[in-house]
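Participant: My questions all concern the structure below.
The values are calculated or read from the model by the stated rules, or taken from the named source; none is laboratory data. Just so we're clear, the structure is a prediction, and the values are computed from it rather than from any experiment. As a convention, Cβ positions derive from the backbone with ideal geometry for all residues, glycine included, and neighbour counts pool all protein chains shown. Keep in mind that these areas ignore ligands, DNA and RNA; they rest on the heavy atoms of the full protein, side chains included. Shrake-Rupley method; radii C 1.70, N 1.55, O 1.52, S 1.80 Å.
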Amino acid sequence: MKVLVVVAVAASEAEGNTVMAISIKSNKELDLMRASSRLVAETFQHIAPHIKPGVTTKEIDKKVEKYITDRGAYPAFKGLYGFPASACISVNEEVVHGIPSKKRYLEEGDIVSIDIGVLQDGYYGDAAFTFSVGKVAEEKKRLMKVTWDSLHLGIDQARDGNRLQDISAKIQQHAESHGYSVVRILVGHGIGKELHEDPQIPNYGKAGKGPLLRSGFTFAIEPMINMGTKNVHTLQDDWTIVTDDLRPSAHYEHTILIQDGEPEILTKHELSP
Ligand code: MG
């Protein structure tokens, strides 16, 4: 799950060098974050074979919840700000925060973005992945691949000596160079003892701006990339965010750590779009 920002907040950060309290994790805390993040990754691998036509988004949500609770952990989004399920499941033009439903059947050709968080022993892990449902049109596959690549290009900027918006700028540059747009009102975030910690991590920005990065920072980086307009709105359920033009959107997220100056992906799994 991501932080919904007031646009003005993100804009003020774009000025750069805002002083923020970014927590540095101890080695003991990092071990706990590794464990909760590993469980997020394992949950994705567990549900992957079940993402197919005819399955309801509620059935997927139940599998997510059972897998996490069977291991003594808690699905982090359940009840968060009142969210009524364990996973956010968003289909096609739904960007994020889709509510699982027993009436929503996945269909051949859909793309479905699933966002999963775990709270275990006081620390959070958070990741998202957009899956194909059966055979998917080439233009949707391209959107997924570009979004996935933009996530990894962004992660690669998470290094000692770089600045926060080096991550943002790389994501934006890659997505826009393929003719896609970057959602503005939703951003990545610091993560640790809280699901959403400082700093906010926009998926757009200017290289060289923002706080200096250093080892011990833990971030959830999560580009949400649209095929058409960058503009989005919230449905009447007060949760689901969809693109204004109803064209598809993709979302990939990893929880990462900067360790010995370099990025390490804590929610790493074997899936790829
Ligand atoms: Mg998140």
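Participant: Give ASP61, ASP115 a once-over and let me know the one that is out of contact with any helix residue (DSSP H, G or I) (no Cβ under 9 Å at 6 or more places or on another chain), away from the ligand (no atom under 14 Å from the Cβ) and either part of a helix (DSSP H, G or I) or open to solvent by less than 10 Å² (accessible area, probe 1.4 Å) (or both).
Facilitator: None of the others qualify; the one that does is ASP61.
Participant: Please work out which one of (1) away from the ligand (no atom under 15 Å from the Cβ); (2) open to solvent by less than 10 Å² (accessible area, probe 1.4 Å); (3) more than 25 Å from ARG34 (Cβ to Cβ); (4) in contact with a helix residue (DSSP H, G or I) (Cβ under 7 Å, 6 or more places away or on another chain) is the condition ILE89 fails and give its number.
Facilitator: Unmet condition: (1).
Participant: Does GLN157 satisfy the condition of being more than 16 Å from the ligand (Cβ to nearest atom), assigned to a loop (DSSP other than H, G, I, E, B) and in contact with a helix residue (DSSP H, G or I) (Cβ under 9 Å, 6 or more places away or on another chain)?
Facilitator: In short, yes.
Participant: Going through VAL182, VAL187, VAL146 one at a time, which residue ends up being open to solvent by less than 30 Å² (accessible area, probe 1.4 Å), within 27 Å of PHE77 (Cβ to Cβ), touching a residue at least 60 places away in the same chain (Cβ under 8 Å) and away from the ligand (no atom under 15 Å from the Cβ)?
Facilitator: So the residue among VAL182, VAL187, VAL146 that is open to solvent by less than 30 Å² (accessible area, probe 1.4 Å), within 27 Å of PHE77 (Cβ to Cβ), touching a residue at least 60 places away in the same chain (Cβ under 8 Å) and away from the ligand (no atom under 15 Å from the Cβ) is VAL146.
Participant: What are the pairs with Cβ atoms under 7 angstrom where one residue, in the range 212-226, is under 20 Å from ALA35 (Cβ atoms) and more than 15 Å from the ligand (Cβ to nearest atom) and the other, located anywhere, is open to solvent by 10 Å² or more (accessible area, probe 1.4 Å) and outside any loop (DSSP other than H, G, I, E, B)? Sequence gap at least six, or different chains.
Facilitator: What qualifies is SER215/GLN259.
Participant: If you don't mind, there's one more thing I want to ask. So, in the range 225-271, exactly how many residues are closer than 30 Å to LYS25 by Cβ and open to solvent by 10 Å² or more (accessible area, probe 1.4 Å)?
Facilitator: Residues meeting the conditions: 12.
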